[in-house]
Every structure is written in C-alpha cells, then in structure tokens.
1. Just going by the charge dipole of segment B:10-309, with Lys and Arg at +1 and Asp and Glu at -1 on Cβ, which of B:SER241, B:ILE123, B:ASN98 is farthest out on the positive end?
2. Quick one: with all protein chains in place, what share of the accessible area of the protein assembly as shown is carbon or sulfur, to the nearest percent (1.4 Å probe)?
3. What is the dipole size for segment B:9-162, taken about its Cα centre, with +1 at each Lys and Arg Cβ and -1 at each Asp and Glu Cβ, in debye to the nearest 20?
4. For A:LYS69, give me every one of the aspartates and glutamates with a C-alpha distance below 14 angstrom, ignoring sequence neighbours fewer than eight places off in its own chain.
5. Please give the solvent-accessible surface of A:PHE93 in Å², to the nearest 10, using a probe radius of 1.4 Å with every protein chain present.
6. Can you give the extra length, in nm with one decimal, that the chain gains between B:ILE128 and B:MET369 once fully stretched, where that is 0.36 nm per residue apart less the Cα-Cα distance?
7. Apply the a/c threshold of 1.5 to the C-alpha gyration tensor of chain A and tell me whether it is rounded, prolate or oblate.
8. If B:SER386, B:SER308 are ordered by their accessible area, calculated over protein heavy atoms with a 1.4 Å probe, which sequence runs from highest to lowest?
Amino acid sequence: MSDPVGAVSAEDVKKIARLSRLHVEADRLQPLADDLNGILGWIEQLNEVDVEGVEPMTSAVDMSAPMRKDEISDGGKRDEILKNAPKKDDGFFVVPRSVE
Amino acid sequence: MFTAERVGDPRDYIKGESGDWEIIIGLEVHAQVASNSKLFSGSSTEYGSEPNSQVSLVDAGMPGMLPVVNEFCVEQAVKTGLGLNAQINLFSRFDRKNYFYVDLPQGYQISQFEHPIVGEGEIEVLPIDADGNTLEPVTVGIERLHLEQDAGKSVHDLSPDETYVDLNRCGVALMEIVSKPDMRSPEEASAYVDKLRGIVRALGTCDGDMEKGNLRADVNVSVRKPGGELGTRCEIKNVNSMRFIRQAINYEARRHIEIIEAGGTIDQETRLFDSVKGETRTMRSKEDAHDYRYFPDPDLLPLKLEQSFVDKVKADLPELPDAIKARFMADYNLSEYDARILTADKTKSDFYEAVAKGRDAKIAANWMMGDLFGALNKASTDLEDSPVTADMLGGLLDRIADKTISGKIAKTVFEKMFEGGGTADDIIEKEGLKQVTDTGAIEAMVDKAIADNAGQAAAAKENPKLLGFFVGQVMKASQGKANPQAVNEILRKKLGL
C-alpha cells in the first residue's frame, strides 16, 4: 500500500510522543511511523465516499447535551483523590518541580 | 487571519531610531463564571478552601468519569455574549485541547474551538490618559467568547525541588473573551478590560475580582510602522491588574522595537510579566511550543440552544454600565466625568442613585466623589465596606437642604459619621450642632462683635473687606452654628454697608 498524502515520518512520531510524554526508543520510531501510515492508508478509503452537502456528524445520537443544575453535589473526598498519588504532603499532590 | 485596519492616533506612537512605531494589541480575557459548582462536575468553586477538598473524580481526570454541563454556566455565557452585543450561536460544541502539565490531570482542557457559544460582537471603550482625561471613544471588536475549564494551581514555594498541586480550581468554568487586535495603546487596552469588567459585574456573570485571578488577561502585542504590515506578536500570559497590563504592553512594545531596529527578528512566543521588575520574559522555549491537537470531545454532546431561551435571557438583562451612564447624564444632569466615576461599577451607581433620588443630584455627586471617596481612600477601604451608607449620606444632605446645619458644619458631621458616630440627626442632636437661624440671637452676637471691635467697625465703611473679619467673629462666637446668610445680612445692615 502506498503512503497517503502527508505521510507520518519518524520525526512526527518523535514529536507526538514528546507532546504525550511517552518514551519511545529511537529504533522504534520508524516501525511506529510505518504502522501509523498503514492505518492512515486504510482510513484513506473513506475519501472515496461522496459527502457533498452532508453536514458533519458531531455525535452518534441526535440530541443536545443534557445539563445539570448549578448545585454542589460532589467534592470533599480529598483522601480518595490523593490515594493513588506517588507523593503527597499536607493535602497537596507533590510532583517534580515544573518551573525553573 | 487577523487584519488590523484601524490606524491609531499619532499621539500613541512610540518614537524609535527609525521613526514612529504603532502598537497593535489584542486581548484574551479569562472571566471566571460566578457559579456555585464547576463547569462539568458538582464540586464547589469556593475560593480559599483547603487544598484538594473541592475535587471530584471528574476534576481529577479519573478514567471512566463523564462530564455533564452546568446549565447555569451556559446561561451566563449567553448573558455575557448579549452584553457584548455579540452573535449567540445556537449550536456550539466542546473540544479537547491537549497538553501535558502538572495542574491538568485530564491531559486536556475541555474548551470550545471550532464552534464557540458566542461569536462576533463589539463594545465601545473610553480610554483615559495619565492625567485622568477621557479620550475619544474606540470601538473594540469581539472575536468570540467560549466556555472552558480552568486548570489547577501549582505552588512552587513549599519545596525547593518540587511542585505542590491543588486541584480545587481545576474544572471551574471560565469564559474566554477574545478581542480583535483593535487596540493601539496601553490605555486603550486597560480601558477595554475595565469596560469588560464593568459589563460582567453588572450582568452578575463574573465577580471581576482581579486580585483573586477571577478576571485575568493574556495580552498579545506586536509593533508595526503606522498603518504598515503587521509584525510578529508575543503573548504575555495572565496579567492581573490594569496597571500591569499597561506596564507589560509598554515594556513589550519597546523590546520589539529595540530588537527590530538592531536588525533582529521577533520570535513568536509566550511570555510572563514580572510585576516586581516591570518586565516580560520568555515562558516557554520554542521546542516546547504547543501543538494542541484539538478534536471534538467524544464525552460531550453538542450544545443546542433554543432561540426562545436566548430571547428570555435577553429580556431579563439588567441595565448595563453604558446605559446607566447615559441615564445619569440625562436624568441627573451630571458631567461625563462625574457620570463615568459614579457608574464605574454597580456598587457606585446603586449608592449614588440612592443618595441622589429626590435630592440635589449635583450636591449628592460632589459629596460622594469628594468627601466620601476621599475618606474611604484615606481609610484604605471600599465603598462596599463604607461606614457611611447611602441612607446616612442622604440624611446628612437633607439636613443641609432644610438648613438645619450649614455646609461647613456638615463636614464635621460627616467626619463623625464616618468614625461611627451614628446618623446625621444623632450627631447634630448629641453635639448640639443645629444651625442658629433665630435672627434675635444672631443680632445679639453681631452687636457684641461690633461693640468689641469698634475701631474695625468704623473702618468697615471705607474698607468693605472687613466684613469678612466680622463674619468670622460671629461664626466663632456661635461655634459655627449661625446661619451664614443671616449673619451676612445682619452685619451688612448694622455696619451700614
């Protein structure tokens, strides 16, 4: 299968991985790019469908978002919230320093 | 992309080595919706609570949790849009804005990208120069208003090598109001934010508290040769006072000019304003530049509003600051300056109206802007916490109007009232400050003053200026309580002037 237009490069994979904070070994970049191009090529078939004049579908059900009243009905569960944190102190999550 | 057709006033140009430069400014204002609970969860939005005590599993980004829209927040966005004379979009949608940061446990912010709830609008802004003079009005276009989630709070000073994270603010509803790049001076930019603040406060959709960060601005600045091609812009994040907005723009514009005139180029980047040093600095380097990869949030259905709902919100809109100001100028005959000061926010306009109704409107304005604001300023307090209420100030003005006290004694009564001495009537009664209007009593004091100063009395015929001396003597004798007009009249008669 030929690469679709704007094919994903190893460099793109590296960038996406970085944005997602995923660690990818250098020797995995090209194979991942090949896999992604395979998927994109397959999806490319959808371009064969004529969608002239068809409204883009924004959800599977034709209804508006259900809404809730502005009432306080949650919170007050700090211990539960912090339970999985690798490190916590005085009610805060503690993480590696995020600024210089 | 943006165009910037309006060419600013030459008065606002910055002189560089290569000639004049014009500043182009656009703002993104984040206004926190004044709701009880968050945009997509039922946890509280209250400020200043114990860390992580107002966090639901939705806010914490736990897997499998589903967001549900808060209808009140939707209504506030519509109301604000109407207040900005903007297009309300009956169809809008939530998108995911993806980025990775410690205060965003979901890994994405739910925002509105392609289909915001509010489209284009415009407001009129009155910039004020450094001397407090009002300049010509400027129309600032609104590009859009959309709803989005706030992030949590990172605290960097509790540990030298760690960051502490509190997610209480995470998921609180924000209205991001994006302007068109229509401003050309720091004064126009701060006047725009001031105007927005007045509108959201009048509408009650946001409390406008900049100190708490409930209203904050991202400022986009670039420079160009007047009317020329647009330069590269830099975005200064989270500026939280009118003064800082002006300082940040001034600094940033001069930085751009310096770099360009030295032959360099501006990197499009995100910068921080350091309010202590009064300068901006790079916040993110280019390698970290964001690529948000927006896509429709599959957890949320599109937001569809009925026109009847929008009509109802519109019908119930309260009077907006511009309308109140116009009414004050028409009904109370106030100058533009007085009307502007007295309608700066709802507390002021409500207070003024309560004092002015049924009284002399100009005197009410003078007392409020002079004596009351002066005393509040000196006591470092706000009108909200004023020890003198509108009723109390009104009561004082009534006693001047019915001549119970003179304007001069009223100042004394006001001071005592401000110190908690009770109502004007209480103070006048307790201190015996009631004006002496009894002509017999005044005549007696006048006779005594003339008798005690016979020499001056004789000279007064030649030198009418001595009348002032006698008025002073009589007023002193009456401890300021004699009616000044009566004193003047009787003195003139007795001195033969």
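The values are calculated or read from the model by the stated rules, or taken from the named source; none is laboratory data. None of the values given here were measured: they were computed from a predicted structure. Using ideal geometry, Cβ is built from the backbone for each residue, glycine included, and neighbour counts are taken over all protein chains shown. Each accessible area value is taken on the protein alone, full model and side chains, heavy atoms only, with ligands, DNA and RNA left out. Shrake-Rupley method; radii C 1.70, N 1.55, O 1.52, S 1.80 Å.
1. B:ILE123
2. 51
3. Here the size comes out at about 760 debye.
4. B:GLU71, B:GLU75
5. The value for A:PHE93 is about 40 Å².
6. Length gained between B:ILE128 and B:MET369: 85.0 nm.
7. Oblate.
8. B:SER308, B:SER386
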